[in-house]
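Comments concern the structure below.
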Amino acid sequence: MKFITQPKWHIVLDYFEWRALVKDVNEYLKQAVDEDGCVEVVNELLLKIIDASTKKIKVMA
C-alpha cells in the first residue's frame, strides 16, 4: 500500500507578523469555544505556531 505524502508549507514571518497570527488564532479559538465549535484543531494549530522553530535566513534585496 502506498501512502500519499502531504506537502509541507514554510512561511517566513517577522516577529510582528508572528504575534499577530498568534493573536488572531487565539481570538478564533475563543469564538469557537463560545459557539461550541471544534476546538481541537484550533488548539493544535495554535500549539504548532507557538512552538515553531526559528531559522536565520539571508534576504537578498
Self-check item: region 10-22, residues that are modelled with pLDDT of 85 or more and surrounded by fewer than 10 Cβ atoms within 10 Å (Cβ to Cβ)
Solution: Ile11, Val12, Asp14, Tyr15, Phe16
Exercise. Filter region 32-61 for residues that are surrounded by 10 or more Cβ atoms within 10 Å (Cβ to Cβ), over 26 Å from Asp14 (Cα atoms) and at pLDDT 85 or above and give the result.
Key: Ala32, Val33, Val39
Quiz item: Taking region 27-51, which residues are hydrophobic (A, V, I, L, M, F, W, C) and in contact (Cβ under 8 Å) with a residue 12 or more places away in the chain?
Solution: Leu29, Val42, Leu45, Leu46, Ile49, Ile50
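The values are calculated or read from the model by the stated rules, or taken from the named source; none is laboratory data. Predicted model only: the values in this text are computed from it and were never measured. Virtual Cβ from ideal backbone geometry, glycine too; neighbours counted across all protein chains shown.
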